[in-house]
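**Q** Have a look at this one.
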Amino acid sequence: IVKPAHIQTPLSSIAKAFEEISDLIQKGGDGKEGAAVDLKLKPFCEACTYVSVLFGCLGIAFKFAEMEYTAKVRDLLEASNKFNTLSSVVDHDLKNKTVRSPGSHTRNLRRVRQGLDLIRELFQNFISTENHSLKKAATTAYQQCCAPYHTWAVRTAVSAGMCTLPTREQLLLNLNETDKTAEKEMRRYIKASNDVIKTIDNLYIARGITLDW
Ligand code: 1PZ
């Protein structure tokens, strides 16, 4: 069965959303590597909400992860009524000394960024070996991108949840992709999200905020 080009799959919608954000970054910067680019908060949050469709493919064990992630994106989306750009969010918390405070926008932005990075790393692992299991790809990605910043209780729950992940084949079916089409869409996300993640990190680094939390 040949899929018409105009039909979007969950993966292609995610890739497209992040390519649009990446385009905004390319247009906004002056072309210099590491130049300070500011991103509009609202479109960023809207792109982040697309990721939520992935949770539906993971099963009930990741319900908690879904609630955590969507709550943080929602907090930032609500903040976009007050703050126009990502940098104004960070500046606000810097002024109030609430950069790392539980529930602060800047902390939530850091967590959402870690989620985007987790997916990027997961996709990278998923396409690196043709028969790499989803569990292995997800476990390695989690260890690298999120585990260092999570409590022992959360890490334990996540490692138990990993055993309930669908197989690679089942995930591809759920996503309405083949190995080949998934690889194409995952590469698009990997490339685009790299720019987005780097831009967020630069916001913190430029203000002397470390990235070890
Ligand atoms: C096909 C994809 C399979 C990927 C499987 C990956 C599973 C990751 C599970 C992560 C569970 C995180 C649960 C709770 C974390 C909270 O402790 C932290 C701390 O928040 P704070 O103290 O600042 O309030 N919350 C977070 O880190 C935010 C949410 C991260 C979840 C990222 C998920 C990314 C998307 C996965 C793919 C659908």
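The values are calculated or read from the model by the stated rules, or taken from the named source; none is laboratory data. Worth saying up front: this structure is predicted, and the values here are computed from it rather than measured. Cβ sites come from the backbone with ideal geometry, for glycine too, and all protein chains shown count toward neighbours. Surface accessibility is based on the protein's heavy atoms, side chains included, excluding ligands, DNA and RNA. Shrake-Rupley method; radii C 1.70, N 1.55, O 1.52, S 1.80 Å.
**Q** Check 149, 204, 142 and return the single one that is near the ligand (Cβ under 9 Å from one of its atoms) and under 22 Å from residue 79 (Cβ atoms). Write out each step before concluding.
**A** Values: 204 fails: near the ligand (Cβ under 9 Å from one of its atoms); 142 fails: under 22 Å from residue 79 (Cβ atoms).
When all the criteria are applied, what remains is 149.
**Q** Sticking with this one: How do the pairs read when you match residues in the stretch 108-124 that are free of Cβ contacts under 8 Å to residues at least 12 places away in the same chain and in a helix (DSSP H, G or I) with residues anywhere that are buried (at least 21 other Cβ atoms within 10 Å of the Cβ) and aliphatic (A, V, I, L, M), using Cβ under 6 Å and keeping only pairs 6 or more apart or on different chains?
**A** none
**Q** Could you name every one of the helices (runs of 4 or more DSSP H) located completely within the stretch 142-213 that has at least 3 residues being open to solvent by 30 Å² or more (accessible area, probe 1.4 Å) and aliphatic (A, V, I, L, M)?
**A** Working: elements: 152-162, 168-175, 179-206.
Result: 152-162.
**Q** The conditions are (1) touching a Gly at 6+ places or on another chain (Cβ under 8 Å); (2) open to solvent by 70 Å² or more (accessible area, probe 1.4 Å); (3) not aliphatic (A, V, I, L, M), and residue 69 fails exactly one of them. Which is it?
**A** Unmet for residue 69, out of (1) touching a Gly at 6+ places or on another chain (Cβ under 8 Å); (2) open to solvent by 70 Å² or more (accessible area, probe 1.4 Å); (3) not aliphatic (A, V, I, L, M): (2).
**Q** Return the residues of the stretch 140-162 that are under 17 Å from residue 55 (Cβ atoms), out of contact with any Leu (no Cβ under 7 Å at 6 or more places or on another chain) and free of Cβ contacts under 8 Å to residues at least 40 places away in the same chain; say none if nothing qualifies.
**A** Once the filter is applied, which keeps residues that are under 17 Å from residue 55 (Cβ atoms), out of contact with any Leu (no Cβ under 7 Å at 6 or more places or on another chain) and free of Cβ contacts under 8 Å to residues at least 40 places away in the same chain, the stretch 140-162 yields 154, 162.
**Q** Would you check if residue 82 is open to solvent by 30 Å² or more (accessible area, probe 1.4 Å), among the basic types (Lys, Arg) and closer than 30 Å to residue 178 by Cβ?
**A** Values: open to solvent by 30 Å² or more (accessible area, probe 1.4 Å): yes; among the basic types (Lys, Arg): yes; closer than 30 Å to residue 178 by Cβ: no.
It is false that residue 82 is open to solvent by 30 Å² or more (accessible area, probe 1.4 Å), among the basic types (Lys, Arg) and closer than 30 Å to residue 178 by Cβ.
**Q** State which residue is nearest to the ligand (Cβ to nearest atom) when the search covers only the stretch 16-49 and only residues that are assigned to a helix (DSSP H, G or I), modelled with pLDDT under 95 and open to solvent by 100 Å² or more (accessible area, probe 1.4 Å).
**A** The selected residue is 26.
**Q** Taking residue 103 and the conditions (1) exposed (fewer than 14 other Cβ atoms within 10 Å of the Cβ); (2) in contact (Cβ under 8 Å) with a residue 24 or more places away in the chain; (3) away from the ligand (no atom under 12 Å from the Cβ), which numbered condition does it fall short on, given that it satisfies the others?
**A** Condition (3) is where residue 103 drops out.
**Q** Exactly one of these conditions fails for residue 97: (1) of a type outside the set (Gly, Ala, Ser); (2) assigned to a loop (DSSP other than H, G, I, E, B); (3) in contact (Cβ under 8 Å) with a residue 12 or more places away in the chain. Give me its number.
**A** If we test residue 97 against (1) of a type outside the set (Gly, Ala, Ser); (2) assigned to a loop (DSSP other than H, G, I, E, B); (3) in contact (Cβ under 8 Å) with a residue 12 or more places away in the chain, just (3) comes out false.
**Q** Just for the stretch 158-171: of the residues that are over 13 Å from residue 132 (Cα atoms) and aliphatic (A, V, I, L, M), which one is nearest to the ligand (Cβ to nearest atom)?
**A** 158
**Q** With the requirement that a residue be near the ligand (Cβ under 9 Å from one of its atoms) and either among the hydroxyl-bearing types (Ser, Thr, Tyr) or surrounded by fewer than 14 Cβ atoms within 10 Å (Cβ to Cβ) (or both), what does the stretch 57-66 give you?
**A** Once the filter is applied, which keeps residues that are near the ligand (Cβ under 9 Å from one of its atoms) and either among the hydroxyl-bearing types (Ser, Thr, Tyr) or surrounded by fewer than 14 Cβ atoms within 10 Å (Cβ to Cβ) (or both), the stretch 57-66 yields only 64.
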